[in-house]
Amino acid sequence: MVAVPHKDAERFVASPPEGVFLFLVHGADAGMVRERALAIISQRVDDRRDPFQFVELSGDAVSADPLTLLDEANTTPLFGGKRAILVETGAKSVIPAVTSLVSAPPAACTVVLTAGALKKDAPLRKLVESAKGGAGIECQPDTEQDVHALVDRSLKEAGLVASPEARALLLAALGEDRLMSRGELAKLILYMHGREHVEAADVEAIVAHASNIASDRVVTAAFGGEAGETLDAYFAQGGEPGGVLFGALRYAVALHRARIAMEREGGRMDVGKNALFRAGFGFMHSGLMEAQLKAWSSARLAPLIEPLREAQTRARANAASAQMEAERALWRVAKAVRGR
């Protein structure tokens, strides 16, 4: 009946057409897929927690006995009303069960199928999107703008105000998975109970991945030519040598790739900045990104990568000398900037 593109998915899910009873929600972001699937179900039943109104089935169970889905869809809730079924598809095909369902649509039941990323010619997608009363809903990972909107909306609803640094840390730590992002924001909101102003230290204390961002800040300082105070402060606060070495290697590779991309595109700054954001360095403000992309070239970055990898290997082999290895490695990077 209809294929809903990603850009229209939120609006469609907020008010699914009454004529649609079969939904296929698919995409690479598993959290977003499940969130939208449950949102559809909440629109169709009075109480999603009522086991007579809502039931979840595994794709394997439906595949093993295709009539299971048809029987469940035609079961009347004990106390009347509408019913909804959620099927999380897997490796085994549910097409026979869905074909039977399409041939004999239930009178008062909504069926929502979830799946990973599917190509346009995937059999399940073609079956649902072409069926009368069927709709396929595409879910792509959140864009930078989506993450900005999610963070701003969540903080506003909780009555919180984030400092620019705290907000930048949040934006860098979130976005891989929609439900994971919401979970991390919920943890932060609970942690902030009784306070209104969110600082960078609050984000680092409670949000997953933010501690890695703390070491990344030390790394970006070294790649800007400064490895003294930031490095000392990092270790004084209990920072891990292995973490900062891993961060340095990761950033060197990301910056190298960003510079290669820029050089291929005639030095376009937006290309390099997008590459760094995708690599997880969105916590850096725009001016710092531009400064570091201008300061380095792919030719000057390439010789740094192998020594950083070797320092990481030595630090892993000998914990006693790990901090020394990290300090030497980052000082070497900072000196390379100063001596360019």
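Using 19 Å as the cut-off for backbone N distance, which residues of segment 71-91 belong to the label zone defined by a point 7 Å from the Cα of D47 along Cα→Cβ?
Only 76-86 fall inside the zone, counting backbone N under 19 Å.
Starting from the Cα of H6, step 7 Å toward the Cβ, then list every residue of segment 86-128 with an amide N under 16 Å from that point.
The answer is 115-120.
D for segment 211-338, whole µm²/s, Stokes-Einstein with Kirkwood Rh over alpha-carbon pairs at 10 °C and 1.306 mPa s: what number?
Translational D for this selection: 109 µm²/s.
Normalised by the number of residues in segment 211-338, what is the relative contact order in percent for Cα pairs under 8 Å and 6+ residues apart?
Working: 132 pairs, mean separation 47.0, N = 128.
Computed value for segment 211-338: 37 percent relative contact order.
Return a whole-number percent for the relative contact order of the chain, with Cα pairs under 8 Å and 6 or more residues apart as the contact set. Provide the component values of the computation, followed by the final result.
On the way: 514 pairs, mean separation 55.5, N = 340.
RCO, the chain: 16 percent.
Using a Cα-Cα cut-off of under 30 Å, which lysines could be cross-linked to K120, ignoring same-chain neighbours fewer than 8 residues away?
Here the lysines satisfying the reach criterion relative to K120 are K7, K92, K132.
Output the 0 to 90 degree angle, nearest 10, between the alpha-carbon long axis of helix 144-157 and the longest principal axis computed from the alpha carbons of the chain.
Once rounded, one gets 80 degrees.
Whole-Hz Karplus ³J(HN,Hα) for segment 4-21, in order, using 6.51 cos²θ - 1.76 cosθ + 1.60 and θ = phi - 60°, x for Gly and Pro?
Ordered by residue, 3J(HN,Hα) equals 8, x, 4, 5, 9, 5, 4, 5, 5, 5, 5, 8, x, x, 4, x, 9, 10 Hz.
Straight-line reach from K119: which aspartates and glutamates have Cα under 17 Å away, leaving out those fewer than 8 places along the same chain?
D29, E129, E138
Just how many % of Cα pairs in the chain lie over 37 Å apart, if you round to the nearest whole percent?
In whole percent, the share of Cα-Cα pairs in the chain beyond 37 Å is 37.
For segment 240-319 and segment 36-112, compute the distance between their C-alpha centroids and round to whole Å.
Between the Cα centres of segment 240-319 and segment 36-112 lies a distance of 48 Å.
Enumerate the lysines that K294 could reach by cross-link, defined here as Cα to Cα under 21 Å, with residues fewer than 8 away along the same chain left out.
Candidates past the 8-residue exclusion: K273, K335.
A short reminder: the numbers here are calculations on the coordinates, not readings from a lab. Just so it is clear, the model here is predicted, and its values are computed rather than measured. Because the Cβ atoms are built from the backbone with ideal geometry, glycine has one as well, and the counts that use them run over all protein chains shown.
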